[in-house]
Amino acid sequence: MNQSLESGVAEQGMAVRPASSGTDVRASIVIEAEWPRILNALTVPEYLDVWLTMPGVERVECHAEHKTPGGFRIDIFAANALRQAIHGDCIRSKPDEISYLWKLDHAENGKRSLVKLRLRGGRKRCALHLKHHGLLDQKERDWYSAMWQKSLDKLRAVMEKRVPGN
């Protein structure tokens, strides 16, 4: 974790599980779209549910948490009932780098994992690199790996104005 992000986390009194490369999720994708549109989709909570896809989940609803700047909540529904929520904070540490401090409702000891997103490229084409670290175990890693791959594929389809599956 970079120094400025670590100090921001410490100031907010949040604990982040240490990085464990064996359980890290890494994904990259190239998107043929304008950089500001992609950035908006990544940083505006109300846009997250347009592209965020989770395995075994009927639907997700994303909302801004007005208590903290950059805070958001992802409600996870299965069988038409709220099953779980993820609480997050979106931190823009650099113009081309975004981090989510990520905490499941049931996370032990209030620990969070960290999702780092980096955008590289020009105005009409960007490479998006994702790293999610601080996951508990291989099972959690596998679930998030599937989630992030499906979500990034859907983000690309939305940004490139294609319908997934076509």
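Descriptive notes on the structure:
- Förster radius 25 Å - calculated FRET efficiency between Lys150 and Asn40 (Cβ-Cβ, nearest 0.05): 0.75
- All-pairs alpha carbon distance profile, segment 17-166, 10 Å steps from 0, percent: 11, 42, 38, 9, 0
- Backbone geometry of segment 115-131 corresponds, through the Karplus equation with coefficients 6.51, -1.76 and 1.60 at θ = phi - 60°, to 3J(HN,Hα) couplings of 10, 10, 10, 10, 9, 10, x, x, 5, 9, 8, 9, 9, 10, 10, 10, 9 Hz, x marking Gly and Pro.
- Distance in nm between pseudo-label sites at Glu32 and Val57 (7 Å out along the Cβ direction from Cα): 2.9
- Fully extending the segment from Ser93 to Asp105 would add 1.8 nm, taking 0.36 nm per residue of separation and subtracting the current Cα-Cα distance.
- FRET E, pair Ala81, Glu160, Förster distance 25 Å, beta-carbon r, rounded to 0.05: 0.15
- Straight Cα distances below 20 angstrom link Lys161 to the aspartates and glutamates Glu32, Glu34, Glu46, Asp49, Asp153, with same-chain residues fewer than 8 positions distant left out.
- In plain terms, the residue of Lys124, Lys116 with the fewest other Cβ atoms within 10 Å comes first and the most crowded comes last, giving Lys124, Lys116.
Quick note: the coordinates plus some simple rules give every number you see, no bench work behind them. This structure is a prediction, so every number in the text was calculated from the model and none was measured. Here the Cβ is made from the backbone with ideal geometry for all residues, glycine too, and neighbour counts use every protein chain on show.
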